[in-house]
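Step one of this worksheet: look at the structure below.
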Amino acid sequence: MIELPSEVTELVCQLRDSLGSICILTGAGISAESGVPTFRDAQTGLWAKYSPEELATPEAFLRDSKLVWDWYSWRRDLVSKAEPNAGHEALAKLEAMWSGEFLLVTQNVDGLHARAGSREIVEVHGSIARTRCHSCRTEAESWDERDDAAPLCHACDGLLRPDVVWFGESLPDAAIQRAFTTAECADLVMSIGTSALVYPIAALPQRALQAGAKVIEINPSVTPLSSAADYSLRASAGAVLPQLLSALS
Ligand code: OAD
C-alpha cells in the first residue's frame, strides 16, 4: 500500500481550512475496482477487445445500429450490476466535508459517482443510463427491441442510441464550459484514473496548472500528465482516496 506523502495531506488540509476550491477529474480507472473495464488498459481495457471505430462513432452506428445498440446494452447491464467502490465513496465524503467550491468532472458514463453520493457532478461524456433519439434527440423511457437494428424513437421514427458522446461528436457545451471555468479557478485539481489522452478533457489539468492550481494525479500508470503534475501518486484510487479522507478526518 502506498504511503500518502505528507505534503499531499498537508496541502489538502490547508485548502479545506482556508475554504479552497477543488475540481476533481475522473476517468475509467476509478471504476476499475468496481469491475467496470477501462478503455485502454492492455489486458482488460475495452479498446483492447473492441475497435472504437466499430462501436463508438456515429458512422459505426449508422452502418450497424444493432451491433452498437447491443454492445451498449451489454455495458449498461454490466454497469447497473456494479457497485461504487471505496474511491467513489471517499470522493462523495470529501465533497460532503468540503466548505469551499467542489466540482467533480467525470468522463465516465456509468453513474457510479452519483450512486456513491457525489452531488456536484459534470458528466462530460454523457450517461449510459439515458437513451435518446439519434435524430431528434428526444429522450426515450421505453422502446421495442428489434432483431436487425436499434429500436425506433416514438417521436420521429429515428434510431435510438445511448446518450453518450462518441468519437467525432462534440461534448455538451454547458458541461465543458463549467468544467474548464471551474478548473481554471480552482486551487487544486485532482486527476484520478484517466489516461489523460482524450481531448478536450485531457487539457483540463494542464489549463489548471497554467492558471496556478496545484495538480495531484492518482494513477497506477504513468500518463502524459505525470511529469507536469505537482504530485503523481502511482497507486489505485480505491487505496489512496480513503487514506486521504481519513487523514482529513
Ligand atoms: P482509459 O482507459 O484511457 O484510462 C484509464 C486509466 O485508469 C489508465 O491510465 C489506468 O492506468 C488507470 N487505472 C486503472 N486502474 C486504476 C485504479 N484502480 N485507480 C486509478 N487509476 C486506474 O480511460 P479514460 O481516461 O477515462 O470516451 O478514457 C477517456 C475516454 O476515452 C473515455 O471517457 C471514453 C474513451 O474512449 C468516450 O467514450 C467518448
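Key figures
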{"quantity": "Value of D in µm² per second that Stokes-Einstein yields for the range 188-249, Kirkwood Rh from Cα pairs, at 4 °C (1.567 mPa s)", "calculated": "109 µm²/s"}
{"quantity": "Potential extension, residue 199-residue 13 segment - 0.36 nm per residue separation minus Cα distance", "calculated": "63.9 nm"}
{"quantity": "Loop chymotrypsin sites (Phe, Trp or Tyr not before Pro), the range 154-249, which have at most 13 other Cβ atoms in a 10 Å radius of their Cβ (DSSP)", "calculated": "167"}
{"quantity": "Estimated translational D of the chain in µm²/s (Stokes, Kirkwood radius over Cα pairs; 4 °C; 1.567 mPa s)", "calculated": "69 µm²/s"}
{"quantity": "Tilt relative to the chain, helix 173-185 - C-alpha long axis, 0 to 90 degrees, to 10", "calculated": "10 degrees"}
{"quantity": "Only Lys, Arg (+1) and Asp, Glu (-1) charged, at Cβ; the chain dipole about Cα centre in debye", "calculated": "120 debye"}
{"quantity": "Translational D in µm²/s for the range 15-159 (Stokes-Einstein at 4 °C, 1.567 mPa s, Kirkwood Rh from C-alpha pairs)", "calculated": "76 µm²/s"}
{"quantity": "In degrees, nearest ten, helix 6-17 long axis to first principal axis of the chain (Cα)", "calculated": "80 degrees"}
{"quantity": "Evaluated over the range 134-229, the Cα radius of gyration and Dmax, each in Å", "calculated": "18.6, 54"}
{"quantity": "Positive-end residue, the range 96-149 charge dipole about Cα centroid, Cβ charges, pick of 97, 133, 111", "calculated": "97"}
{"quantity": "Nonlocal amide H pairs with residue 192, under 5 Å, H built at 1.01 Å", "calculated": "25, 26, 27, 218"}
{"quantity": "Gain upon complete extension [residue 101, residue 230; 0.36 nm per residue less C-alpha separation]", "calculated": "44.4 nm"}
{"quantity": "Per-residue Cβ neighbour rank within 10 angstrom, fewest leading, 147, 173", "calculated": "147, 173"}
{"quantity": "Top positive-direction residue, dipole computed over the chain with Cβ charges, set 247, 80, 158", "calculated": "247"}
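Since every read-out is calculated from the coordinates, none of them should be taken as a lab result. Note that the structure is predicted; figures quoted are calculated from it, not measured. Note: ideal-geometry Cβ built from the backbone for every residue, glycine included; neighbour counts use all protein chains shown.
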